[in-house]
1. Measure off 7 Å from each Cα along the Cα-to-Cβ vector at VAL18 and LEU152, then give the distance between these two points in nanometres to one decimal.
2. Carbon and sulfur together cover what percent of the accessible area of region 90-178 at a 1.4 Å probe radius?
3. Among 104-111, 117-124, how do they line up from the highest to the lowest mean number of other beta-carbon atoms within 10 Å?
4. So if I average 1/r over every pair of distinct C-alpha atoms in region 135-178 and take the inverse, what Kirkwood radius in Å does that give?
5. Beyond 17 Å, what share of the Cα-Cα pairs of region 98-178 is found? Please give it as a whole percent.
Amino acid sequence: MAPKRKQNMEQPLTTRAVRNSTRIANKPVLADPEPPKPKRVKKANSEPVSADPEPAKRVNKENSVPVSADLKSPKANRGKKAVPEVKAGSKVVVVEHCTQCRQFKIRAVKVKEELEKGVPGLEVRVNPEKPRRGCFEIRVDGENGEKFISLLDMKRPFGPMKALDMDEVISGIIEKIK
């Protein structure tokens, strides 16, 4: 190791000048810096709360159609799709398919098209709510709806689904519905 230098007591220590320190030295100092802006406070809904059990309705200005209050906020309905009302006497078939592989979607679209063609007046919904993972299910909508096909928790390469003969499955479903 090299020997240390002796410092003269009469010379003050100088600091090294770097690019940043020269910029800071030339910058004017503000006597009264601006205070930070306060955070915004979210305002509560200013709509009056009614005592009736039905949700409040507002009128859409463009079409003059009443819109229910629970459909107003998009954040409250995130992940939920609007489900249209079903006419009395018509059946609704739900095709639930996983979204991780397009093989599910191909089969679901084929089932939907063939069922709508084969049974007039039948409503077919594809994924009306968030689907389960690895799932391919065709069922009648309702509390005690009949399940035509239910393949759950399939792992790749989705062998049980690929082994299905979709034309045969669709014709079987059409016969059961009629």
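1. About 6.3 nm separates the two model spin labels.
2. Details: 2520 of 5310 Å².
Of all accessible area on region 90-178, carbon and sulfur atoms account for 48 percent.
3. Values: 104-111: 17.9, 117-124: 13.6.
Going by the mean number of other Cβ atoms within 10 Å, highest first, we get 104-111, 117-124.
4. Values: mean 1/r = 0.0867 Å⁻¹.
Taking the inverse mean of 1/r over all distinct Cα pairs, region 135-178 comes out at 11.5 Å.
5. Numbers: 1432 of 3240 pairs.
Above the 17 Å cut-off, region 98-178 has 44 percent of its Cα pairs.
The values are calculated or read from the model by the stated rules, or taken from the named source; none is laboratory data. It should be emphasised that the depicted structure is a prediction, and the values quoted were computed from it without experimental measurement. Glycine also receives a Cβ, built like all others from the backbone with ideal geometry; neighbour counts cover every protein chain displayed. Side chains are part of the model used for accessible areas, which takes the heavy atoms of the whole protein and leaves out ligands, DNA and RNA. Shrake-Rupley method; radii C 1.70, N 1.55, O 1.52, S 1.80 Å.
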